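The values are calculated or read from the model by the stated rules, or taken from the named source; none is laboratory data. All figures in this text were calculated on a predicted structure; none of them were measured in a lab. Note that each Cβ is placed from the backbone with ideal geometry, even for glycine, and that neighbours are counted across all protein chains shown.
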Amino acid sequence: MAELTRETIVQDALDMGFAHAGLVDVKTLKPREEVRDMCAVDKCHAYNKNWSCPPGCGTIPECDAEMQSYDWGVLVQVTMDLEDDMDFETWGEAAKSLRDLSVRFHEMLVDKYGDVLALGGAGCDICKECTYPDAPCRFPKKRMSGMEGYGLVVSDVCRDNDLQYYYGPGTITYTGMFLIKDK
């Protein structure tokens, strides 16, 4: 593995096993209230239940300020071929693959850069039961919020940073992002 610099990080992500990767310009990140409103519908059953999802992860202005406090980032993706549109098993495998790779990649980035904001395809699942809202998060530096939880339209983030979002019929892609501060 290379030295994990801005110049090598895309290849480092690909070498780790992500299918696609690209650099992120934090100025392109535009969180939207309407995305957060979709979280409130609670289809994933995580809204108002943990520190990594709304409202625990902060308001849209707080999430925006946090993201803008970083200097740059990297988008990572896992793409898998589906047997058919109802291939929920592969959907689950792809989501798990993104999560597992993201945890490893995040650890490497933290070792190199220290302060890294990890935003994945879903909220955190480190603890069997979250302390929200009664006590502080047990692992705030390891916690991974979802990109949508921060109000981001994932397809827009990909487009605005020259990374494909859709890889054709018969595929599923999950996207994560890591924001980094230069030392």
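Do any residues in segment 112-129 that are in contact (Cβ under 8 Å) with a residue 60 or more places away in the chain and within 18 Å of Gly92 (Cβ to Cβ) have Cβ atoms under 9 Å from those of residues that are among the hydrophobic types (A, V, I, L, M, F, W, C) and surrounded by fewer than 20 Cβ atoms within 10 Å (Cβ to Cβ), where the two are at least six apart or on different chains, and which pairs are they?
The qualifying pairs are Ala122/Cys44; Ala122/Ala95; Gly123/Cys44; Cys124/Cys137; Cys124/Phe139.
Can you tell me which residue in segment 125-162 is surrounded by the fewest Cβ atoms within 10 Å (Cβ to Cβ), limited to those that are over 15 Å from the mean Cα position of the chain (by Cα) and assigned to a helix (DSSP H, G or I)?
Arg159
Could you tell me which of the residues Trp72, Trp51 is more than 16 Å from Gly151 (Cβ to Cβ) and out of contact with any helix residue (DSSP H, G or I) (no Cβ under 8 Å at 6 or more places or on another chain)?
None of the others qualify; the one that does is Trp51.
Which one of the conditions (1) in contact with a helix residue (DSSP H, G or I) (Cβ under 7 Å, 6 or more places away or on another chain); (2) at pLDDT 90 or above; (3) assigned to a helix (DSSP H, G or I) does Leu23 fail to meet, given that it meets all the rest?
Among (1) in contact with a helix residue (DSSP H, G or I) (Cβ under 7 Å, 6 or more places away or on another chain); (2) at pLDDT 90 or above; (3) assigned to a helix (DSSP H, G or I), the lone unmet condition for Leu23 is (3).
Could you tell me whether any residue of segment 110-121 is part of a helix (DSSP H, G or I) and among the aliphatic types (A, V, I, L, M)?
yes
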